[in-house]
Each structure stands twice: as C-alpha cells, then as structure tokens.
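Q: Here you go, one structure.
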Amino acid sequence: MKTIQKLLIESLGRDKVLIGDELANRYHHIWRMSESLNAVALIMPTSTDEVSKILKICHEHNQPVIAFGGLTNLVGGTETTGNEVIISTEKLNQIEEVDPMSRTITVQSGVILEEVQQEAAKHDLLFPLNFGAKGTARIGGVIASNAGGLRVFRYGMTRSLVLGVEAVLADGTIISSMKKIIKDNSAYDLKQLFVGSEGTLGVITKAVLKLVEAPKSRASAFVAMNEFDQVVSFLKHMDGGLGGILSGYELMWDNYYTLATTAPALSKPPIPQGYKYYVLIEALGSDLEKDKARIEALAEEAFTKGIIEEAVFANTHADLDWFWKIREDVHAVVSQMKHDQHFDISLPIPLIGNMVDDMLSKLHSLEGVGKVISFGHIADGNIHFVVEKEHLRKQLTEAINDIIYGPLMEVGGSVSAEHGIGLHKKAYLKLCRTEAEIGLMKQIKKTMDPKGILNPGKVF
C-alpha cells in the first residue's frame, strides 16, 4: 500500500495526492458526509495524461480504482472498502470550448452539469439534460451513469446527447473520440461503451456534448386527476395538441405531493391536496403568450372531456420556480424519513397505475415500513419510489426489494431506469437482462479490464 502511495506521489506530486488523515474530510456520497472516506489515497488529476499515469501504476500493481464525480449516485456506485485508490475529477473542471455553429460544448469530466447549462445559455443554446442534482453532479458521472431526468421524453437520456468521449482504460491507454459530428457510422461506436458503464470500463476525462437552440419560452401547468387512465389520456392530449414542444410530463402520487407541500417542507400546494395524481407539465417553445394560451385552451378542453379535475398555470417566473421546486426538491421529502430506500424502475406505461397501487399496498402492509412516496417521469415509464424504514436490517431491505423488483421480469420492466446498477442492484440485474446479455457484458468487462481493477464489485 505504501508503495502505491509513494509511486503516485512521485508521479503526480504531493499536492495532488491525499492520504491518511487528509481523507478525514472526504466522503463517498453527499448524503454520507459525516463518514470519513476509507481509501488508500485520493488523487486529483488535472489532465487526461495524469489519469493515464495513475492507471498505469495501479494496473501494474493490481490496485483497485474508483472514479469520483459529484457523488450523487443512488446505487452504491462509489462505496469503498478501504483498499481502493480514488480518482477525483474535481480538478478536471474546464469548459474547453463552445462551438455555436456545431452546437456543441467540449468539457472536462469534472465540470458540474449546471455550469454546462449556464455556459450554453450564454450562447443562446440549451443543454437539455436536467435533474435535481444538477448543481452537484459532474459530467463524467452523468455520462458514466447515463443519467436521465426531467426532459428525457423530448431530448432522450444522456446517451443521446454525447457526441464524443475521451476516456482512459484500466492499463492507462487513452481512447479519444472527440468528434463534433452527429452522424458517424464507421463501425463500432466505442464511445457508447463508456456511457452507462458506471466506471467499470474506463475513466472518462472529457466529452463533447450536443446542444440545441435555446427555447424562447418556458410554460408550465399543474394538473390534478383521480384515475390513471386520465394521466395517460392527458399526456396524449397535450403532446398531440402542443405540436412537439412538450418537454416534461412529471407525475406525483398524492403521497409525494402531500409531503412536498406540507410543513416542514417549504412549498405550498398550487392545487389543493386530496387528489390521487398530480401532473406537472413543461413546454419549451418560441412564443410565451401563444404557448401559455395553447396550454390553457388544451387544459380547458381536457376538463370539459373529463380528462382532468383541476389545473393551475404558471404566469410568472416565480410560479415556475414554485411549481418545479415541488418536483425537484425530493430531499425536502426524504429528509422527513428515518431511513430511506430508493428505487427507479421502468414499467410499460399502461400497467403503471395498477402495478404501483399493488406495490404501495404491499409496502404499507410490511412491518417496519413507514412513509412511501411515488413519483416519476411518466412519459418514459420511469417510476421512483422512496420507502421509509424503521431500521436497516437486511431482512426488511430484501422484503422491500422483492415487492418492487419481483413483478418486473414478467412485464418486461427494468430494475434501473436511470440510476444504474452499482452495488445495491447487482443481485437483481438478472430480472431485466438475459443470461446471454449478462455473459456478453462480462466478456466486455474482462476484455477492457482484465485485472478487474476498475470499480470492482460494482454491476457484476
């Protein structure tokens, strides 16, 4: 261990390597900041070449390595056992170029998502990926987890927004495909191997990201209803009526909405509590007044047809912030729980209503379970649960897992819509991937990381 520390210090310099007591103020997750990081060393490289040097040393000495980004993952992807070297991307934090003509932005992997959004906005462009942890999540981790979020319905997952990647393999080999072009059908698309790989195939150091023209308007409405059929009918009604500008369709069950709009949560309810479902829509368009008028007319038509029960509209920027804070500030709800267990499953949209009702009923009947909240990006079939537990005993955790994950194989669902597999879900991967698929994944892992040093124990 001391040999590795010495070699890394000699190669990178003492100021870029933290060891021993210097790790006391470091942690493996932003929700575990009170727990000191347990690791051999934490290294803060400033270039791809330095990451290559680190991995060459670690590969030669069979030293396990974990890459750290913003530490917001929810599947144990950055948990340590104490024998790992940590590569933190915090100093790989440069925005290298914005190309308005190509509509691309080139960034190092440690750049925070919100900084990418802000830089794009300076050029009247939009990086449309958006989720609650945007102020903390770093681009390398966003890509490695193939993050989703609030606008997947219109713009796709992270995978759809990555044009180029530079990454370092386990042995220090640099793979660089930093093209700005959208169409490149020259054999295998190797960059996509790193998207969603959770740091098990290489360490991402740079990326070229796709931008779109910034919308001239953003309009939102909160809508309430009591039947799941109404939720789906309203989605089709609004998507068809808005002519392609619907960018977000977020569903909150009453269990989430009530907690998010009741003290100690800071938000007040824009629509009265008491309905079963609450939908928050977003339309990114070109004319605010016309877009708002169209949304209001479509909502009135939906009300007349019995598709919705009630609707309110965002008339100011303050209203927008108010509405979306309710959906984005999940922490305000989770902070009211004793112990929390998170899920992000995918289900076929027509089955969501009945399946979630059944899961909620079974969870509430389980001894040791307290509050349960459910919400999701309903237009892409992604449902989130957060389950409060009275204790952390393994038996209760597994019983909750069985309720949520048990039905997924039969209906063609997924145990992970957007958070990945990490450490916590690897036992359930077989529920949404065939034996042949998992076998091929393992072959790819073995080929690219034959010594198994990259994020060991995760995914498989």
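The values are calculated or read from the model by the stated rules, or taken from the named source; none is laboratory data. Here the structure is a predicted model, which is why all the values come from computation and not from measurement. Every residue, glycine among them, receives a Cβ derived from its backbone with ideal geometry; neighbour counts consider all protein chains shown. Protein only, heavy atoms only, side chains kept; ligands, DNA and RNA dropped before computing areas. Shrake-Rupley method; radii C 1.70, N 1.55, O 1.52, S 1.80 Å.
Q: Being in contact (Cβ under 8 Å) with a residue 24 or more places away in the chain and over 23 Å from G196 (Cβ atoms), is that true of even one residue in region 69-81?
A: Yes; the residues of region 69-81 include at least one that is in contact (Cβ under 8 Å) with a residue 24 or more places away in the chain and over 23 Å from G196 (Cβ atoms).
Q: Quickly run through region 415-424 and pick out the residues that are closer than 16 Å to T200 by Cβ and either at pLDDT 95 or above or under 14 Å from the mean Cα position of the chain (by Cα) (or both).
A: Selection gives S416, H419, G420, I421, G422.
Q: Against the condition buried (at least 18 other Cβ atoms within 10 Å of the Cβ), at negative phi and of a type in the set (D, E), how does E22 come out, does it pass? Show your work before the answer.
A: Working: buried (at least 18 other Cβ atoms within 10 Å of the Cβ): no; at negative phi: yes; of a type in the set (D, E): yes.
So E22 fails the test.
Q: Is it the case that L288 is open to solvent by 60 Å² or more (accessible area, probe 1.4 Å), in contact (Cβ under 8 Å) with a residue 40 or more places away in the chain and more than 28 Å from the chain's Cα centre (by Cα)?
A: So L288 fits the description; yes.
Q: Further question on the same structure: Out of all the residues in region 371-378, is one or more open to solvent by 40 Å² or more (accessible area, probe 1.4 Å), closer than 25 Å to T72 by Cβ, at pLDDT 95 or above and of a type outside the set (A, V, I, L, M)?
A: Yes, region 371-378 contains at least one residue that is open to solvent by 40 Å² or more (accessible area, probe 1.4 Å), closer than 25 Å to T72 by Cβ, at pLDDT 95 or above and of a type outside the set (A, V, I, L, M).
Every residue, every condition in (1) of a type in the set (A, V, I, L, M, F, W, C); (2) within 28 Å of L211 (Cβ to Cβ); (3) within 25 Å of the chain's Cα centre (by Cα), yes or no:
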{"residue": "L42", "(1), (2), (3)": "yes, no, yes"}
{"residue": "S52", "(1), (2), (3)": "no, no, no"}
{"residue": "H59", "(1), (2), (3)": "no, no, no"}
{"residue": "L71", "(1), (2), (3)": "yes, yes, yes"}
{"residue": "E90", "(1), (2), (3)": "no, yes, yes"}
{"residue": "Q94", "(1), (2), (3)": "no, yes, yes"}
{"residue": "S109", "(1), (2), (3)": "no, yes, yes"}
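Q: Follow-up. For residues that are at positive phi, in contact with a Lys or Arg (Cβ under 7 Å, 6 or more places away or on another chain) and surrounded by fewer than 19 Cβ atoms within 10 Å (Cβ to Cβ), tally how many sit in region 384-426.
A: Looking only at that region, the number is 0.
Q: Do we find a residue being open to solvent by less than 20 Å² (accessible area, probe 1.4 Å), in a loop (DSSP other than H, G, I, E, B) and in contact (Cβ under 8 Å) with a residue 12 or more places away in the chain anywhere in region 352-370?
A: yes
Q: While we're on this one: What pairs can you find where one residue is in region 402-419 and within 18 Å of D380 (Cα to Cα), the other is open to solvent by less than 20 Å² (accessible area, probe 1.4 Å) and among the small types (G, A, S), and their Cβ atoms are less than 8 Å apart, with a gap of 6+ or different chains?
A: Every condition considered, the pairs that remain are A417/G148; A417/G381; E418/A147; E418/G148; E418/G149.
Q: Where the second residue is open to solvent by 10 Å² or more (accessible area, probe 1.4 Å) and basic (K, R) and the first is more than 16 Å from H29 (Cβ to Cβ) and touching a residue at least 60 places away in the same chain (Cβ under 8 Å) and lies in region 128-153, which pairs have Cβ atoms under 7 Å and are six or more apart or on separate chains?
A: P128/R151; N146/R159
Q: Another question, then. Take the residues in region 206-236 that are among the β-branched types (V, I, T) and over 20 Å from V279 (Cβ atoms), then tell me which one is surrounded by the most Cβ atoms within 10 Å (Cβ to Cβ).
A: The qualifying residue surrounded by the most Cβ atoms within 10 Å (Cβ to Cβ) is V208.
Q: Please find, within region 71-124, the residue that is surrounded by the fewest Cβ atoms within 10 Å (Cβ to Cβ) out of those that are of a type in the set (G, A, S), part of a loop (DSSP other than H, G, I, E, B) and touching a Leu at 6+ places or on another chain (Cβ under 6 Å).
A: Result: G76.
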